[in-house]
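Engineer: What follows is a structure written as structure tokens; I'll ask about it next.
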Amino acid sequence: MATWLPAALGLDLHGRSLTRIRDWTAGELEAVLDLADDLKARQKAREPHRLLEGRTLGLLFRKSSTRTRVSLEVAAAHLG
């Protein structure tokens, strides 16, 4: 199992857009998707992980959406 993103994946994400797929190499996309698969498997097996422990996560929304906000808050809570 990985020792967490981004250093464990060998990715340098500083100053890069995370929302445009053309800004990612095939290897970077594969590494991030592999991590997502790993996290989903851990959650399904109820194995604890603390990917974001000790870090701060900010959520910015263009429009008010309770469902979106709650979904992202739950996701953040699952990550630590």
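The values are calculated or read from the model by the stated rules, or taken from the named source; none is laboratory data. In this text the structure is predicted, and so the values were computed from the model without any measurement. Neighbour counts are summed over all protein chains in view; Cβ atoms, including those assigned to glycine, are modelled from backbone coordinates with ideal geometry. Areas reflect the complete protein model, heavy atoms only, side chains present, ligands, DNA and RNA absent. Shrake-Rupley method; radii C 1.70, N 1.55, O 1.52, S 1.80 Å.
Engineer: Evaluate the following for Trp24: is it at pLDDT 80 or above, hydrophobic (A, V, I, L, M, F, W, C) and out of contact with any Phe, Trp or Tyr (no Cβ under 8 Å at 6 or more places or on another chain)? Talk me through it step by step, then tell me what you get.
Structural biologist: Working: at pLDDT 80 or above: yes; hydrophobic (A, V, I, L, M, F, W, C): yes; out of contact with any Phe, Trp or Tyr (no Cβ under 8 Å at 6 or more places or on another chain): yes.
Yes: the conditions hold for Trp24.
Engineer: Which residue pairs have Cβ atoms under 7 Å apart, sit 6 or more places apart or on different chains, and have a first residue in the range 66-80 that is under 14 Å from Glu53 (Cα atoms) and a second that is among the aliphatic types (A, V, I, L, M) and open to solvent by 70 Å² or more (accessible area, probe 1.4 Å)?
Structural biologist: Pairs found: Ala76/Leu57.
Engineer: Taking Lys63, is it part of a loop (DSSP other than H, G, I, E, B) and on the phi < 0 side of the Ramachandran plot? Before you say what the answer is, go through the steps one by one.
Structural biologist: Numbers: part of a loop (DSSP other than H, G, I, E, B): yes; on the phi < 0 side of the Ramachandran plot: yes.
Answer is yes for this residue.
Engineer: State all residues of the range 34-51 that are open to solvent by 90 Å² or more (accessible area, probe 1.4 Å) and touching a residue at least 24 places away in the same chain (Cβ under 8 Å); if no residue qualifies, say none.
Structural biologist: Hits for the range 34-51 are Gln43, Arg50.
Engineer: While we're looking at this one, here's another question. Working only within the range 52-72, note down all residues that are surrounded by 12 or more Cβ atoms within 10 Å (Cβ to Cβ) and of a type in the set (D, E, K, R). Spell out the reasoning first.
Structural biologist: Narrowing the range 52-72 to residues surrounded by 12 or more Cβ atoms within 10 Å (Cβ to Cβ): 52, 57, 68-69, 72.
The answer is Arg69, and nothing else.
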